[in-house]
1. Rank these for me by crowding, A:Lys60, B:Lys50, going from fewest to most other beta carbons within 10 Å.
2. Can you run phi through the Karplus equation (6.51, -1.76, 1.60; θ = phi - 60°) for segment A:294-302 and list ³J(HN,Hα) in whole Hz, with x for Gly and Pro?
3. Can you check what the Kirkwood hydrodynamic radius comes to for chain A, Cα pairs only, in Å to one decimal?
4. Could you work out [θ]222 nm for chain A from helices alone, using -39500 (n - 2.57) per DSSP H run of at least four and dividing by all its residues? Round to the nearest 500 deg cm²/dmol.
5. What list of ³J(HN,Hα) couplings, whole Hz, do you get for segment A:24-37 from phi and the Karplus terms 6.51, -1.76, 1.60, once you set θ to phi - 60° and write x for glycine and proline?
6. Is there a quick way to get the dipole size of segment A:239-337? I mean about its Cα centre, with the Cβ of Lys and Arg at +1 and of Asp and Glu at -1; what is the value in debye to the nearest 20?
7. Is there a pair in A:Lys35/B:Lys65; A:Lys193/A:Lys286; A:Lys100/B:Lys139; A:Lys84/A:Lys168 whose C-alpha atoms are over 30 Å apart, and which pairs would that be?
8. Take the Cα gyration tensor of segment A:221-335, multiply each eigenvalue by 5, square-root it, and list the three semi-axes largest first, rounded to whole angstrom.
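We did not get these values from a lab; they are worked out from the coordinates using the rules stated. All of these numbers come straight from a predicted model, not from anything done at the bench. Every residue, glycine as well, gets a Cβ built from its backbone with ideal geometry; the counts of neighbours run over all protein chains shown.
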Amino acid sequence: MLGHKQILTSHFGVKKCVKIRRTEEDVRRLLHLAKLDEEDLKPVVQSFYLAQDFTREDLKLMEVTPDILNQILEGERVIIRGDKSDPAVLCTDTQTYDIKEAGTSNSLLLLPSVVWPDEAETNDKDDGITIASQEVAGIFHNYLELHLCRPRVQKLRYLMEENLYTGKEYEADNVDVKYTFEDLLNVIQASPKELQTALRELQACCIDGFWRMLDFDYQFSVFNHIVNLVDSNSWPSDGIPLQAVLDTLEDLIPRKILEECFHWYTEPVGRTTPEGYDLYRWNEDKICAFLGEVILRPTGKFNLEEFLYTWQSTVPEGITTNLNQLKVGNLALSSTD
Amino acid sequence: MVQILIRMPTSEDSKSGVPDWAVVELQGDLESKSGQEMHGSFVGDLHYTKKGAILIIGHHILFGKTVDVDKPFIVLRKKNSLTEHHHEANMLRSQKSLEHTQEEEASEVSVSIENLYDKHNYSTYYEVHAIVRKKILFKTRPKPIVTNVPKKL
């Protein structure tokens with residue numbers, strides 16, 4: 001049960017000398033005017049005063065979800081990102097929220113300390129009233145509200161295209177702008193997890209600490225190296241050993257890129273080599289879509305019949321092309337003109 | 001782009017946690033009758049009954065209750081760490097030669113990119129000053145206190 005002293009204790013736990021400016025008589029007179037019976041009321045009365053510095057402009061109210069609150073309490077990174085052209089968002093480790101200013105015609109009085117109903121019964125049954133002075137730190141008519149939103153990652157492709165990776169032999173002279181993951185978080189309004197997903201969708205690789213998209217021709221050449229290696233070793237198309245691909249080609253292509261690229265066009269079959277290395281098969285749809293783009297990219301337009309013929313003859317043996325594979329990624333349209 | 005970290009107080013004695021504050025929500029706005037200075041002035045008396053809460057403000061009575069909010073509020077306080085940081089850096093610089101100063105500036109920029117989440121490189125951050133999990137809500141319109149007693153308040 002809360003005693004007299006604790007009621008007057010400020011939230012900092014330091015006893016504060018709050019001068020009780022209202023007397024029991026003042027309170028009782030007001031109760032009488034309001035036609036309230038003291039018998040119906042709990043003995044603790046709280047008198048609100050505006051704080052001396054009550055227009056606390058350095059304070060802001062933000063409505064959060066219990067989940068976000070826990071993340072903040074646990075010390076996870078919760079960050080507001082934005083500038084003049086991008087409205088601010090709040091990012092947790094995994095999600096992005098629009099920050100909106102919510103207005104209300106109600107007044108929100110912010111009080112550092114309040115006695116709650118279950119604390120408002122005093123022990124001393126002397127029929128008296130205990131008056132606790134409470135300070136109103138601020139009155140708010142608006143607060144910040146969060147709305148879960150999609151990350152704003154449109155800018156990412158543009159940033160990645162500023163400096164495409166064309167092979168390690170060109171890297172020594174490459175002085176163009178490159179971005180680390182942290183650099184990207186600094187300019188993209190997304191949570192780290194969402195940024196990671198967006199980079200994966202763009203097929204960007206982390207090369208020497210910088211995130212890069214591969215130049216299309218370079219990507220094609222990496223792909224060809226892998227396909228040719230599979231061919232020349234006569235590996236079955238559903239038993240391609242990743243480890244051997246990496247070990248054989250790493251002198252030509254950085255291992256990291258090989259590995260990324262390999263995963264774009266294959267899927268695990270669930271079996272391993274006798275040495276315990278995973279085996280993979282071609283992901284037909286992804287290979288067909290990629291090679292379709294390789295053919296269409298330089299011309300932009302192709303006679304359908306010729307295209308279908310060329311396309312089928314380009315893909316590795318045992319794989320069948322069909323037009324739906326191009327529609328998935330909105331890569332191509334066919335028209336009858 | 002500006003990045004503003006929201007974080008817990010850093011002081012060592014904050015282990016006791018961020019304090020819980022309260023919100024009292026009511027209809028309308030508070031105005032001082034005579035337009036006098038409001039700082040430090042008396043607002044009203046809050047009483048609890050068995051069922052709820054009663055707030056008397058001026059000649060109005062409000063009936064409400066305490067509620068746990070679905071979505072908590074955090075009370076944020078804007079803080080500036082870079083000013084202190086710069087200040088220190090400037091102090092250092094004044095003891096060094098000009099070339100050193102320039103070098104130091106350059107290194108500072110690169111550090112701020114690499115250690116983006118190093119607290120010292122945020123110019124501004126919000127500290128969680130308090131958390132509001134409960135409020136006393138006076139949903140209904142304030143009722144005037146009808147009285148024929150001359151005003152003594």
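1. On the way: A:Lys60 20, B:Lys50 8.
Arranged by neighbour count, lowest to highest, A:Lys60, B:Lys50 become B:Lys50, A:Lys60.
2. 4, 6, 6, 3, x, 9, x, 9, 8
3. Answer for chain A: a Kirkwood hydrodynamic radius of 26.6 Å.
4. Working: 12 runs with 115 residues, N = 337.
That comes out to -10000 deg cm²/dmol.
5. Each residue of segment A:24-37 in turn: 4, 5, 4, 5, 5, 5, 5, 4, 5, 4, 7, 6, 9, 9 Hz.
6. Numbers: 8 positive and 15 negative charges, 49 e Å.
Rounded to the nearest 20 debye, it is 240 debye.
7. Working: A:Lys35/B:Lys65 19 Å; A:Lys193/A:Lys286 24 Å; A:Lys100/B:Lys139 23 Å; A:Lys84/A:Lys168 38 Å.
Violating the 30 Å Cα-Cα cut-off are A:Lys84/A:Lys168.
8. Numbers: eigenvalues 159, 42, 29 Å².
Equivalent-ellipsoid dimensions as semi-axes: 28, 14, 12 Å.
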